[in-house]
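The values are calculated or read from the model by the stated rules, or taken from the named source; none is laboratory data. Note that this is a predicted model, so its numbers are computed, not measured. In this analysis, Cβ positions are derived from the backbone assuming ideal geometry, glycine residues included, and neighbour counts consider all displayed protein chains.
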Amino acid sequence: MRGLKSYQKADIDVVVLTYNHAFYIEANILSILKQKTSYRFNLLIADDCSTDGTRAIVEKWMSQDERVYLVSTDSNVGSVENARNVIGKCQSDYLALCEGDDFWIDDEKLQIQMDYLKRNPGFGMVHGDVCYYHQEKNELGGSVNLSKGVRFPSGDIFEQYLSSDSLFIFTGSVLIERGLFQLCANYDLFKEKKWMAQDLPTWLELSKQTKIAYLDRIFSAYRLSNESASRSRNSDYLYRFHQSIFDVRYYYWKKYSGDLKLKTRLDYMYSLSLLADIRAIKSRKIFFDLVNVKKSGNFHWELKRWLQFLFLSVIVFVCGKRE
């Protein structure tokens, strides 16, 4: 980090994780530095050994604005370790987050969210709506939640968040107490479970530790491209991504709930996910993975998952929808 000794604790540390975002990182930096707020903030950009010139762009801004710091790695360590590294260096009381290819569109984001948390001490995190930025079209879309008719709850949201397929907490819209985030972001668990998304387990854990507030306001833009994890054209990858999401959901259901009605809801959501994915799956290895009981050591779970998959395969085949 630029002159680590020069780092000064502020009210907020804004953390940006980046890797090969040379085409996007400047828009990201500009959107953050133009915040209109009475609160002091630092911008910590964690570059995971980019090879496309991202670091040079960050260094240019670091020389122009004393709020900007570079947190770099000597080799590519991956998103989990990159996050662990930069979050461990944060000392300010609050954290705001933004991925290197996303950007903020509300110049008062930090002011509004900090004011809310200061006025509502029972809440440790606040987030809001986003809009999609369509990379291929160079087009900014409308509100994600509003356009879908989603009414995001506030307060103790664990069960609603766990069992919903329409509630999403977007990283770029979040402001959170630093201590809570450091407590709930379990990087060792992420690596052990090999979860493909680290935000969902973090928000689920947080929702058991504090109240979470939702503000009906668009704070940030989420960049969509064909390489985005949830929009990948690789059907096998997309299937594994969905499996990882449900592995997270079932893990936190077992850890904190155990409610059978909630489990039934998760099973229903999982079956729909399988049904949506099954037509496009091309890899034979995935079929064998479904009965790989040695990997999880949970025979009953693997058998049930395999039977679900087999049953849905028959449905798709009979309906004549398999490609």
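Condition test on L117, is it part of a strand (DSSP E or B), within 28 Å of S143 (Cα to Cα) and in contact (Cβ under 8 Å) with a residue 40 or more places away in the chain? Criteria not met by L117. Taking the condition in contact with a Phe, Trp or Tyr (Cβ under 6 Å, 6 or more places away or on another chain), surrounded by 20 or more Cβ atoms within 10 Å (Cβ to Cβ) and in the same structural domain as R40 (by TED's automatic domain parsing), does V126 pass? Yes, satisfied. When F168, F158 are checked against the criterion of being surrounded by 16 or more Cβ atoms within 10 Å (Cβ to Cβ), farther than 21 Å from Y132 by Cβ, out of contact with any Gly (no Cβ under 6 Å at 6 or more places or on another chain) and not hydroxyl-bearing (S, T, Y), F158 stands alone in meeting it.
To keep it simple, each residue is scored yes or no on (1) under 22 Å from the mean Cα position of the chain (by Cα); (2) over 21 Å from S31 (Cβ atoms); (3) in the same structural domain as I12 (by TED's automatic domain parsing).
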residue: A46; (1), (2), (3): yes, no, yes
residue: R55; (1), (2), (3): no, no, yes
residue: W61; (1), (2), (3): no, no, yes
residue: V71; (1), (2), (3): yes, no, yes
residue: G78; (1), (2), (3): yes, yes, yes
residue: K89; (1), (2), (3): yes, yes, yes
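Considering the stretch 132-244, there are no qualifying helices (runs of 4 or more DSSP H) wholly inside with 1 or more residues that are among the acidic types (D, E), outside the structural domain of Q35 (by TED's automatic domain parsing) and in contact (Cβ under 8 Å) with a residue 24 or more places away in the chain. Summed over the stretch 171-184, the residues that are surrounded by 20 or more Cβ atoms within 10 Å (Cβ to Cβ) and over 22 Å from F219 (Cα atoms) give a count of 1.
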